[in-house]
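The values are calculated or read from the model by the stated rules, or taken from the named source; none is laboratory data. Computed from a predicted model, the values in this text were never measured in an experiment. Here the Cβ positions follow ideal geometry from the backbone for every residue, glycine too, while neighbour counts run over all protein chains shown.
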Amino acid sequence: MNLLSDPWSTSKDGNVQQDSENESRVKTVVDTLLGLKESEEAWSKLALLISDDYDDERQFRELLAQTQDLNDTAQTGVSLLIYCVVFDKPLYIEILHNTRKLDANVPDKIFGCSPLTWCIRLNRQQCCVELLNFADELNFGYENPGGFTALDLLIPGNAMYEFAKQHELFRFIKNDENAHDGLFNAPASTFATSDVDHTLDQIDLQTAGLNINQDDLFTNDEDSKQTYKDSSFASSFQSQSFDFEHVLPNQFIEFADYDIPRLLDLLVSLPNKKPHKTCIPAAIIFQCIRFADKVRQSTSLVESVAHLSLTKILSSAASSSGGVLNNQSGDIILQSYWLSSLNFLFYYLYRQEGFFKRYPSILQELIDGMRSLILELNSSIHSRIEPLIEPTLLEHTTIAQVKETLYKKDWNLFKKRKHRSTKSTSRDSYDETLAMLYPPSLDEQMKPSPLKIVQIFGALSYVLDLHQVHPLIAQQCLSVAVKWFSAKLFNKIMDNKKKSLSRAHAVQIRLNLSVIQDWIKNHNFKAPLPTLIDDFMWRRFPYTLVLDLSDIDGPAKPFELRNVTFYSPEDEKHTENMENSLFYYQSFYHISQIHMEPCMQLLQWLQVATSLEDEESLGSTLSILNKLSPAQLLKSVEKYRYDSDEQKFRSPLKKKLIAMCKETSSTNTRLAEKTLCSLTLPTITELIEMYTQRDDAQDLLPLLPMDVQDDVDEIHEQNAKQQQLQAESGNMEDTNEPDQDETNSSRIEGETDDELFKELNAPSSAAQRPLWAINSDIEANPW
């Protein structure tokens with residue numbers, strides 16, 4: 001009989017058991033079903049049904065009603081519950097438990113492992129959620145062969161370890177004295193020491209920038225030292241993970257109030273020193289906040305550091321290239337860099353248990369900061385796109401018939417004669433075919449085309465991906481960019497500049513827009529929906545970050561969040577409400593369709609308006625063009641440019657539109673161009689899946705490179721020496737002012753001085769700047 005070996009046991013090279021062993025065990029379980037195919041028993045049919053690719057709830061319930069013993073392992077050595085875990089069938093687990101006959105602790109007879117062990121071993125998170133729904137029935141202390149429990153399999157750095165943190169499985173550990181908030185005790189064989197093991201530990205620690213005998217580098221606080229000693233087991237995993245629960249060496253920045261100005265200067269210099277490494281500024285702010293919160297335990301210091309850092313960042317982003325205030329295109333690389341940094345800072349603070357509940361105002365500042373950067377970034381994009389709309393979309397013509405179209409107001413005898421002559425002499429099929437074989441002339445090729453707008457959208461998409469902005473935040477950036485662009489294009493068409501309100505030009509504009517739509521299709525993506533969160537909690541997110549459930553559902557909330565969206569379930573497949581978080585979980589292509597729909601409907605209207613015969617055809621057309629108001633339709637008809645052989649829009653139909661305008665009393669024909677949108681925040685599961693399940697996950701942890709760490713240490717050391725010299729100088733000049741000496745001394749020791757924060761010249765917030773300036777200069781480089 002195969003026995004499941006100790007998961008903590010190591011092979012000769014010192015590594016834990018490979019995933020291939022799990023595959024082998026799964027294959028063994030699957031093979032047990034081979035002998036059931038000829039059986040007519042209900043239990044056997046249930047086991048086979050569980051192994052099917054698709055769930056059949058109705059048949060499962062029918063077979064379940066005919067089964068006597070749900071916990072039977074005599075037939076194959078495997079229970080129905082373990083089959084559900086192995087084949088990842090959480091729905092069936094729920095149905096089994098609802099029978100009230102399920103024993104959730106029955107181990108298999110092949111390996112001797114409990115259902116919970118199988119869940120953790122195979123990373124079956126959804127199945128584990130179902131088991132945790134009846135956690136009071138689970139035996140968390142059950143020891144598998146080898147003396148380990150299911151929770152002993154949770155190693156820092158793997159997916160189930162993060163799952164366990166989120167679902168608070170740590171509280172089920174029996175040996176609370178030796179367990180340290182989720183760092184579980186492995187079997188004794190794990191800690192067996194040898195020269196080889198000691199060398200491997202040293203390599204792991206040095207990779208993380210630590211040494212075994214490095215207690216003297218930690219703070220003098222005895223409790224903090226004990227935390228570090230108790231967490232020595234976690235230290236061996238520092239090369240793979242960052243401990244968000246405990247303050248370990250090199251995972252916080254010790255600073256005093258007089259260090260803050262120079263730390264802020266270091267912060268804004270990082271885009272040049274460490275280009276595209278956006279997690280480094282976030283790590284500096286996060287480690288400073290950790291020190292102020294966990295070591296100094298100073299609320300005012302935490303809030304001051306967060307506020308000054310965010311203000312400095314927003315000021316730097318707004319002032320790039322003169323900022324949009326001065327009608328200049330902002331630096332989208334720098335703006336997306338800081339957006340990504342705030343994205344990472346939100347992620348780091350989110351993983352700090354209960355941080356936002358203690359500091360809800362910092363969450364609001366992060367929301368406002370990210371939202372401000374999204375608007376700044378889109379203003380920079382818009383200032384580049386707006387001057388290109390007319391030459392690349394409204395005037396750019398590739399269809400010969402559009403160029404040769406005659407219009408009634410422009411028509412005269414000489415133009416008509418010239419037109420007819422041209423048609424009779426040069427438009428035979430041979431010449432047309434021959435002309436198509438040659439590339440456009442150099443003059444034609446040099447004219448602006450829709451590809452210029454595609455390049456700008458491509459630049460935005462590229463920098464967001466380069467800086468590893470979370471897909472949900474990136475979706476909002478691109479959504480706002482497309483929305484602003486489509487609204488501006490709609491208004492330019494309605495203003496009838498360059499006489500675009502005509503049937504022929506509508507066809508050409510539609511063709512030009514297809515170039516942009518093709519790019520959107522080729523760069524389509526979708527932010528994955530959050531897992532492991534039900535509708536009840538999701539509808540209250542992000543209030544769940546700052547409030548308890550009792551306060552969220554109470555008559556008055558202790559803290560009100562602004563400028564954020566909330567999830568609202570929809571019966572329809574998609575939603576068009578941008579204040580519903582669900583909107584941004586749709587595909588980029590579908591979101592773009594929603595934003596561009598008014599433009600597309602206007603172009604459709606221009607192509608068919610003069611062909612409508614009666615009110616019935618008008619009514620059926622208006623039912624399709626549901627994004628256009630009667631006032632917009634009427635204005636487009638009044639300014640319409642007719643072809644020489646085109647009949648006018650019928651008078652009865654025009655009167656019908658006028659009557660509809662009076663009924664609705666709406667006269668506005670323009671779309672709001674730069675609308676302000678609320679921010680949709682990703683949940684913790686989305687952030688963890690994005691930033692931990694990847695090859696470069698180690699680089700995205702809030703750890704500082706050695707050169708940046710040296711810069712930070714140097715700032716603190718130099719300032720401390722300078723403060724000490726000033727204190728000694730003050731003692732020599734005036735010995736009658738002990739109070740001043742005590743103040744200097746307290747600064748050297750790192751005590752918080754709230755007066756200094758009042759004296760700091762904090763930069764003005766970028767959120768206060770007008771965002772809607774338009775740039776008339778087009779940079780050759782869209783970056």
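Every condition in (1) in contact with an Asp or Glu (Cβ under 9 Å, 6 or more places away or on another chain); (2) assigned to a helix (DSSP H, G or I); (3) at pLDDT 85 or above is met by residue 709 except one, and the failing one is (1).
Determine whether the range 332-341 contains at least one residue that is of a type in the set (Val, Ile, Thr), over 21 Å from residue 562 (Cα atoms) and either at pLDDT below 95 or assigned to a helix (DSSP H, G or I) (or both).
Applying the first criterion (of a type in the set (Val, Ile, Thr)) to the range 332-341 yields 332-333.
Next cut, over 21 Å from residue 562 (Cα atoms) only: 332-333.
From what's left, either at pLDDT below 95 or assigned to a helix (DSSP H, G or I) (or both): 332-333.
Scanning the range 332-341 turns up at least one residue that is of a type in the set (Val, Ile, Thr), over 21 Å from residue 562 (Cα atoms) and either at pLDDT below 95 or assigned to a helix (DSSP H, G or I) (or both).
Of the numbered criteria (1) in contact with a Phe, Trp or Tyr (Cβ under 7 Å, 6 or more places away or on another chain); (2) over 28 Å from residue 136 (Cβ atoms), the one residue 58 fails is (1). Taking the criterion of being free of Cβ contacts under 8 Å to residues at least 40 places away in the same chain, part of a helix (DSSP H, G or I) and not aliphatic (A, V, I, L, M), the residues of the range 76-106 that qualify are 94, 97, 98. Residues of the range 52-75 that are touching a helix residue (DSSP H, G or I) at 6+ places or on another chain (Cβ under 7 Å) and outside any helix (DSSP H, G or I): 55, 56, 66, 67, 70, 72, 75. Any residue in the range 533-542 that is touching a Pro at 6+ places or on another chain (Cβ under 8 Å), within 30 Å of residue 163 (Cβ to Cβ) and at pLDDT 95 or above? Checking the range 533-542: not a single residue is touching a Pro at 6+ places or on another chain (Cβ under 8 Å), within 30 Å of residue 163 (Cβ to Cβ) and at pLDDT 95 or above. Output yes when any residue across the range 392-400 is part of a helix (DSSP H, G or I), modelled with pLDDT of 90 or more, out of contact with any Gly (no Cβ under 7 Å at 6 or more places or on another chain) and surrounded by 14 or more Cβ atoms within 10 Å (Cβ to Cβ), and no when none is. Yes, the range 392-400 contains at least one residue that is part of a helix (DSSP H, G or I), modelled with pLDDT of 90 or more, out of contact with any Gly (no Cβ under 7 Å at 6 or more places or on another chain) and surrounded by 14 or more Cβ atoms within 10 Å (Cβ to Cβ). Do we have residue 699 as over 24 Å from residue 495 (Cβ atoms), under 39 Å from the mean Cα position of the chain (by Cα) and part of a helix (DSSP H, G or I) here? Yes, satisfied. Can we say residue 313 is touching a residue at least 24 places away in the same chain (Cβ under 8 Å) and closer than 18 Å to residue 357 by Cβ? No.
Of the residues 558, 569, only one is over 28 Å from residue 663 (Cβ atoms), at pLDDT 90 or above and loosely packed, with under 15 Cβ neighbours inside 10 Å; which?
Step by step, each of 558, 569 is checked, and only 558 is over 28 Å from residue 663 (Cβ atoms), at pLDDT 90 or above and loosely packed, with under 15 Cβ neighbours inside 10 Å.
Could you check, for the range 114-133, whether at least one of its residues is touching a residue at least 24 places away in the same chain (Cβ under 8 Å), more than 30 Å from residue 690 (Cβ to Cβ) and either touching a Leu at 6+ places or on another chain (Cβ under 6 Å) or surrounded by 20 or more Cβ atoms within 10 Å (Cβ to Cβ) (or both)? Checking the range 114-133: at least one residue is touching a residue at least 24 places away in the same chain (Cβ under 8 Å), more than 30 Å from residue 690 (Cβ to Cβ) and either touching a Leu at 6+ places or on another chain (Cβ under 6 Å) or surrounded by 20 or more Cβ atoms within 10 Å (Cβ to Cβ) (or both). From the list 466, 451, 413, the lone residue that is at pLDDT 65 or above and either within 23 Å of the chain's Cα centre (by Cα) or more than 30 Å from residue 590 (Cα to Cα) (or both) is 466. Scanning the range 78-110 for residues that are over 20 Å from residue 125 (Cβ atoms) and in contact with an Asp or Glu (Cβ under 6 Å, 6 or more places away or on another chain) turns up just one, 78. Of all residues in the range 270-277, none are under 16 Å from residue 346 (Cβ atoms) and out of contact with any Ser or Thr (no Cβ under 6 Å at 6 or more places or on another chain).
Quick one: which of 380, 361 is of a type in the set (Gly, Ala, Ser) and at pLDDT below 95? The match here is 380.
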